[in-house]
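Beneath this line is the structure, given in structure tokens, with notes to follow.
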Amino acid sequence: MAASDTIGAEGHLIDSGLLSAIFDKIIEFKASYEILTFTIGRTNDEPSRIEMRINASDTQVLDELLQQLTIFGCHAKRERDATVKPAEKDRCVPDDFYSTTNHRTQVRLGGRWIEVEQQRMDAVIVAAGGRAACRKLRDVRAGEPVVCGHDGIRVTPEFRERDRLGFAFMSNDVSSERRVEGVVSRIADMMRHVKQSGGRIVVVAGPVVVHTGGVDHFCELIRLGYVDTVLAGNALAVHDIEFALSGTSLGIDLTGAAVEQGHRNHMAAINTINRAGGIRQAVESGVLKSGVMYHCVKKGVDYVLAGSIRDDGPLPETVMDLVDAQERYAAALSQNVQLVLMLSSMLHSIGVGNMLPSWVRVVCVDINPAVVTKLADRGSAQTVGVVTDVGLFLHRLAERLRC
């Protein structure tokens, strides 16, 4: 082997499967390793530590391997400052830019390790003025100092503790055979813990909440104070308002029967809100008297409605500028959010998952297990998957939180 380096890693390496991932990645690159020291943690709080020498066929292979090992918490034992290069022009960075994960990250600048702010996946790190922060590629401006390569970067992956805010009951396996009652009980306990500790809960919801009869139970969560922000698309609000005004969702009542002339109800709902001047005005004027959006306004719960190309109307509050909608979602998620509850919305759930750091807990409820699997595959490994009817889930959850 023509190139070698010594790396270290620490944390719950065995419990979290990180050690196996490190070895697999080394073998994938046809490299070899020699373990120099390995200390196994003996308690929940005591981390394991490993130091090993990596040997690769050439420097280029070694550099690429070391960069990929960074996401598993590996770092070079010989401490070096991060490599910083100026952005070539707006929205354009050097080819060897460091692409962020959603894990806690530090960069070494001027001999000091600095915590990276606004942590999220799929971003670059801009380091200036003794600080470092994640930045979307579209927001980078010419000349800004961008962290490149793998030197001077430390990543600390989250690990599965034996008991952590009620999440110890699950693994990342997705199964429709779990008893919903047991899962709901743990999630309810966790929601209580988050609120007692001063944290915030965000709910990402799709129109299936309305279709499955979950509106009343969702409204109860809002009344009980367990919802701080709702992130959704135009469809949730329209279907919710249609149900409040006409008792249907897309012209179908909750028994599944089509209502005569019901196809016009969702457009009539939009028209009613337009006439009032918006959702808040409709509530204040007494036009809208029930439903999720009604209770959000009455309880002072923040909401962001992000539009898409398929939206009818849309409602006056719906943000149709994609970049603006993403920024509003990100701003809502940055306010001490400790738990995100995702209810049957693949598009918005995955979008929110991309914005979250890995230490924010996520519960994804969907009748389709592929939604939860896709979230985990895209890096949101902290997701608890509950495969069930979302209306049933909300009914059970509201029951537990009333106790």
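The values are calculated or read from the model by the stated rules, or taken from the named source; none is laboratory data. Here the structure is a predicted model, which means the values were calculated and not measured. All Cβ positions, glycine included, derive from the backbone under ideal geometry; neighbour counts span all protein chains shown.
Here are some notes:
- Considering residues of the stretch 67-125 that are of a type in the set (Asp, Glu) and over 30 Å from ARG361 (Cα atoms) only, the residue surrounded by the fewest Cβ atoms within 10 Å (Cβ to Cβ): ASP95
- For the stretch 1-30, the set of residues classified as polar (S, T, N, Q) and either under 12 Å from LEU65 (Cα atoms) or assigned to a helix (DSSP H, G or I) (or both) consists of SER4, SER20, listed by residue number.
- Criterion: among the small types (Gly, Ala, Ser), modelled with pLDDT under 95, part of a loop (DSSP other than H, G, I, E, B) and more than 19 Å from the chain's Cα centre (by Cα) - qualifying residue of SER185, SER175: SER175
- Taking the stretch 321-403 as the region of interest, the strands (runs of 3 or more DSSP E) fully inside it that hold 2 or more residues being free of Cβ contacts under 8 Å to residues at least 24 places away in the same chain and either buried (at least 22 other Cβ atoms within 10 Å of the Cβ) or hydrophobic (A, V, I, L, M, F, W, C) (or both) are 361-366.
- Residue-level check: of (1) over 28 Å from the mean Cα position of the chain (by Cα); (2) of a type in the set (D, E, K, R); (3) modelled with pLDDT under 95, ARG275 misses just (3).
- Checking ALA244 against (1) within 17 Å of LYS298 (Cβ to Cβ); (2) assigned to a helix (DSSP H, G or I); (3) touching a residue at least 60 places away in the same chain (Cβ under 8 Å), the condition it does not meet: (3)
- Check on ASP58, at pLDDT below 95, surrounded by fewer than 15 Cβ atoms within 10 Å (Cβ to Cβ), among the charged types (D, E, K, R) and assigned by TED's automatic domain parsing to the domain that holds LEU18: yes
- Taken together, the criteria place GLU34 among residues that are among the acidic types (Asp, Glu), free of Cβ contacts under 8 Å to residues at least 60 places away in the same chain and part of a strand (DSSP E or B).
- Candidates VAL155, VAL230, VAL194, VAL147 - the one that is modelled with pLDDT of 95 or more, in a strand (DSSP E or B) and under 20 Å from the mean Cα position of the chain (by Cα): VAL230
- Extreme residue, surrounded by the fewest Cβ atoms within 10 Å (Cβ to Cβ), among residues of the stretch 24-47 that are out of contact with any strand residue (DSSP E or B) (no Cβ under 7 Å at 6 or more places or on another chain) and not basic (Lys, Arg): THR43
- Restricted to the stretch 276-313, and to residues there that are among the hydrophobic types (A, V, I, L, M, F, W, C) and out of contact with any Leu (no Cβ under 9 Å at 6 or more places or on another chain), the residue that is surrounded by the most Cβ atoms within 10 Å (Cβ to Cβ) is CYS296.
- Scanning the stretch 1-16 for residues that are of a type in the set (A, V, I, L, M, F, W, C) and at pLDDT 85 or above, we see that the one that is surrounded by the fewest Cβ atoms within 10 Å (Cβ to Cβ) is ILE14.
- Each residue in the stretch 273-320 was checked for being free of Cβ contacts under 8 Å to residues at least 24 places away in the same chain, among the charged types (D, E, K, R) and within 18 Å of GLU220 (Cβ to Cβ), and 1 of them qualify.
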